[in-house]
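A.B. asks: Once you've had a glance at the structure underneath, I'll fire off some questions.
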Amino acid sequence: EPEVTQTPSHQVTQMGQEVILRCVPISNHLYFYWYRQILGQKVEFLVSFYNNEISEKSEIFDDQFSVERPDGSNFTLKIRSTKLEDSAMYFCASSDVLLGRDDEQFFGPGTRLTVL
Amino acid sequence: DAKTTQPPSMDCAEGRAANLPCNHSTISGNEYVYWYRQIHSQGPQYIIHGLKNNETNEMASLIITEDRKSSTLILPHATLRDTAVYYCIVRVDGNKLVFGAGTILRVKS
């Protein structure tokens, strides 16, 4: 069964450093998402991406964040200058249609980001 | 955005049916009800969704009331591996999922 994969599974970084989280969505999917979950809190939407551009982003997704689909298979989330409060699990998801048109988002296993 | 209300936690005996309720009294006519679950710290997993009719798949059944103001997710024979946080989500603007706190389901032997 096809699945979303994410690397690395755990990333430790120093405050102020840049990190890139990588995701490989399901191959025929067109819509891509990043969510995050701070330990003990709700899963929060960050950004959605379609046709090589951001289609929606949340208030969390400020100028420190960026997304890119550098090739036909990868989807990345970059945090330019990490802060302590960026420590969280980051989940990538993909779907082949827009939610609400009778389909689902498939989530990856997540990357645990720890900012020291 | 339609909001959902779920009980914070529920217990269920292994092998029994788990019935997880959700209230969504402000749901509008074209909004779907989706259920996801999250086992420990894994990525959320899709379970089922519906608009107005009851739905069943290999994982669960979804019962939506006629006025669509509430629904129930049924796991017919719960196992220990069904212990998870279950999220009832009503589709919001655009294509994002908005997760609430969900219901912690504990399946006990």
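The values are calculated or read from the model by the stated rules, or taken from the named source; none is laboratory data. Fair warning: this is a prediction, and the values are worked out from it, not measured in the lab. Cβ sites come from the backbone with ideal geometry, for glycine too, and all protein chains shown count toward neighbours. For the accessible areas, the whole protein counts, side chains as well, though only heavy atoms, and no ligand, DNA or RNA atoms are used. Shrake-Rupley method; radii C 1.70, N 1.55, O 1.52, S 1.80 Å.
A.B. asks: Sequence gap of 8 or more, or different chains, plus Cα separation below 15 Å: how many lysine pairs satisfy both in the protein assembly as shown?
C.D. replies: Lysine pair count for the protein assembly as shown: 7.
A.B. asks: Give me the distance between the Cα centres of the stretch A:22-71 and the stretch B:1-45, rounded to whole Å.
C.D. replies: With the stretch A:22-71 and the stretch B:1-45 each reduced to a Cα centre, they are spaced 23 Å.
A.B. asks: Let me ask something additional. Could you list the residues of the stretch B:34-67 with an amide nitrogen less than 20 Å from a label point located 7 Å from the Cα of A:Asp96 in the Cα-to-C-beta direction?
C.D. replies: B:45-50, B:57-59
A.B. asks: Taking the Cα-to-Cβ direction at B:His40 and at A:Leu39 and moving 7 Å from each Cα, how far apart do the two end points lie in nm?
C.D. replies: Between B:His40 and A:Leu39, the simple spin-label model gives 1.6 nm.
A.B. asks: Still on this model: What spacing in nm lies between the two simple spin-label points modelled at A:Ser66 and B:Ile74, each 7 Å away from Cα in the Cβ direction?
C.D. replies: 5.2 nm
A.B. asks: Place a point 7 Å from Cα of A:Thr7 in the direction of its Cβ. Which residues in the stretch A:24-61 have their backbone N less than 14 Å from it?
C.D. replies: Label zone hits: A:24-25.
A.B. asks: If R₀ is 41 angstrom, what is the calculated FRET efficiency for the pair B:Arg16 and A:Val24, using the beta carbon separation as r and rounding to 0.05?
C.D. replies: According to the calculation, E is roughly 0.60.
A.B. asks: Which stretch or stretches of the stretch A:1-42 have amide N atoms under 11 Å from the point lying 7 Å from A:Thr76's Cα along the Cα→Cβ direction?
C.D. replies: Those under the cut-off are A:19-23.
A.B. asks: Please compute the net charge surrounding B:Ile47, taking Lys and Arg as +1 and Asp and Glu as -1 over other residues with Cβ under 13 Å from its Cβ.
C.D. replies: With Lys, Arg at +1 and Asp, Glu at -1, the net is -3.
A.B. asks: With every atom except the alpha carbons ignored, what do you get for Rg and Dmax of chain B, in angstroms?
C.D. replies: Just the Cα atoms of chain B yield Rg and Dmax of 13.1, 41 Å.
A.B. asks: Can you list the residues, at least 5 places off or on another chain, whose amide H is less than 5 Å from the amide H of B:Lys3, using H built in the peptide plane?
C.D. replies: Excluding prolines and chain starts, which carry no amide H, the hits are B:Thr26.
A.B. asks: Ignoring ligands, DNA and RNA, what percent of the accessible area of chain B is carbon or sulfur (1.4 Å)?
C.D. replies: Percent of accessible area from carbon and sulfur atoms in chain B: 49.
A.B. asks: Moving to a separate point now. Please report, for the Cα atoms of the protein assembly as shown, the Rg to one decimal and the Dmax as a whole number; what are they, in angstrom?
C.D. replies: So, for the protein assembly as shown, Rg and Dmax equal 17.7, 53 Å respectively.
A.B. asks: On to the next question. Beyond 24 Å, what share of the Cα-Cα pairs of chain A is found? Please give it as a whole percent. Mind showing how you got there, number by number?
C.D. replies: Details: 1270 of 6670 pairs.
Pairs farther apart than 24 Å: 19 percent.
A.B. asks: A further question on this structure: First check a/c for the stretch A:8-49, with a ≥ b ≥ c the square roots of the eigenvalues of its C-alpha gyration tensor; if it is under 1.5, answer rounded, and if not, answer prolate when a/b is larger than b/c or oblate otherwise.
C.D. replies: Verdict is oblate for the stretch A:8-49.
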